[in-house]
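The block underneath contains the structure these notes are about, expressed in structure tokens.
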Amino acid sequence: MSGARSLSKVRETKAAGDEALQPSRVAAGRVEEQTPVAQVVSPSSIGLGDVRPAREAWERLAAPLAERKGIRLTIYGITGKGKTTGLKDFLAFILERRLVDLVLIHDVKFRETKQYEGAVIHDARELYTTSGAPMAFPAVAVLRKRGLDHMPSVETAARVTLESADQGLRSMLIVDEFARALDEDVAGGFRKGSTNRIACEGFGLGASLVAVKQLPQFMPSEVRAQSELLLFGLAGDGLTHLVDERVIDGKTAELVGRLPRGHFIIKPSEGALERIVYKVPAP
């Protein structure tokens, strides 16, 4: 890594003697919470059938992490359908089980509201400094804007994620508004950048990518095709687009259109779609 100190070297300087995988102080409160266990819901009056607890889905989606492999998730859902609550519940699940060492979250949606727990940074390479390096792991760092005209780089965050994975840390990049990754001026375009590299190569490198987007239009095919799709609730053009692109069929589109807040289905990257509905526990 040119010009960058490795996380392992910075950690040795800053916290000599710390155990490598102790929960970090910034994430500890979230990790230690007792998350309510969701119960199976009876068939609903709107025809969803048996609704399964989200934790069943999390176990399946997180399975590669236990083998130090990367995962790719894409989460679609219009405002108010609970996709952020679902993502936070999944994040708590993997942190509790120590399935990831470093999580970088690009979260610039709201200036004043902090959606995710973690150490606030403004550039991903702050993690390579003595003052910004995690004291211990697992660690969560949240990228935020410094001010009106500042935007932390998703591409830089993706590069740090890849470099950290190369050092042996199970690393994950979460992009809360994935349009930010697509809008950046990356040399050679998005397909030559580090974010797309995680989507294409992350499984073997131990680097994970979670892309969150309200609508499925304009999502690069490499990201969509290699991701497990979590559909939290769409309507109108979003559903029509997925049907037109043959991502889902008409029957599945009808189901997604009826999903209440906090409910989702999974479209696997491989294999048949089972139309199982999962429910995230209320925060």
| query | Which of the GluC sites (Glu not before Pro) across segment 225-283 are loop residues per DSSP, with 13 or fewer other Cβ within 10 Å? | reply | 245, 270, 274
| request: Measure up 145/251; 114/267; 192/279; 109/192 against 32 Å on the Cα-Cα distance and list the ones that go over. | output: 145/251; 192/279
| note | Of 79, 195, 129, 85, ordered by accessible area with the largest first and a 1.4 Å probe, the sequence is 79, 129, 85, 195
| request: Could you rank 123, 176, 149 by how accessible they are, 1.4 Å probe, largest area first? | output: 149, 123, 176
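About the Cα centre of segment 168-283, how large is the charge dipole given +1 on each Lys and Arg Cβ and -1 on each Asp and Glu Cβ? Please answer in debye to the nearest 20.
300
If we count every other residue with Cβ under 11 angstrom of residue 160's Cβ, Lys/Arg +1 and Asp/Glu -1, where does the sum land?
Within the 11 Å Cβ shell, the charges total -3.
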| task | Let me know the charge dipole size of segment 188-235 about its Cα centre in debye, to the nearest 20, where only the beta-carbon of Lys, Arg (+1) and Asp, Glu (-1) is charged. | result | 160
| said: Using the crude model of +1 on Lys and Arg Cβ and -1 on Asp and Glu Cβ, and no other charge, please compute the dipole size for segment 143-213 relative to its Cα centre, in debye to 20. | reply: 100
| Sites matching trypsin sites (Lys or Arg not before Pro) across segment 199-252 that sit in DSSP coil, with at most 15 neighbouring C-beta atoms within 10 Å | 246
| query | Tally Lys and Arg at +1 and Asp and Glu at -1 over the other residues with C-beta under 9 Å from the C-beta of residue 142: what net charge comes out? | reply | 0
| field | Qualifying chymotrypsin sites (Phe, Trp or Tyr not before Pro) for segment 52-103 [loop in DSSP, other Cβ within 10 Å: at most 16] | value | none
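Please compute the net charge surrounding residue 252, taking Lys and Arg as +1 and Asp and Glu as -1 over other residues with Cβ under 12 Å from its Cβ.
+2
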| field | Normalised convex hull volume, segment 54-160, alpha-carbon set, Å³ per residue | value | 123
| said: Could you tell me which residue out of 53, 99, 75 lies farthest along the dipole of segment 47-119 toward its positive end? Charges go on the beta carbon: Lys and Arg +1, Asp and Glu -1, centred on the Cα centre. | reply: 75
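The values are calculated or read from the model by the stated rules, or taken from the named source; none is laboratory data. Small disclaimer: the values here were computed from a predicted structure and weren't measured. Note that each Cβ is placed from the backbone with ideal geometry, even for glycine, and that neighbours are counted across all protein chains shown. Heavy atoms of the whole protein, side chains included, go into the accessibility calculation; ligands, DNA and RNA do not. Shrake-Rupley method; radii C 1.70, N 1.55, O 1.52, S 1.80 Å.
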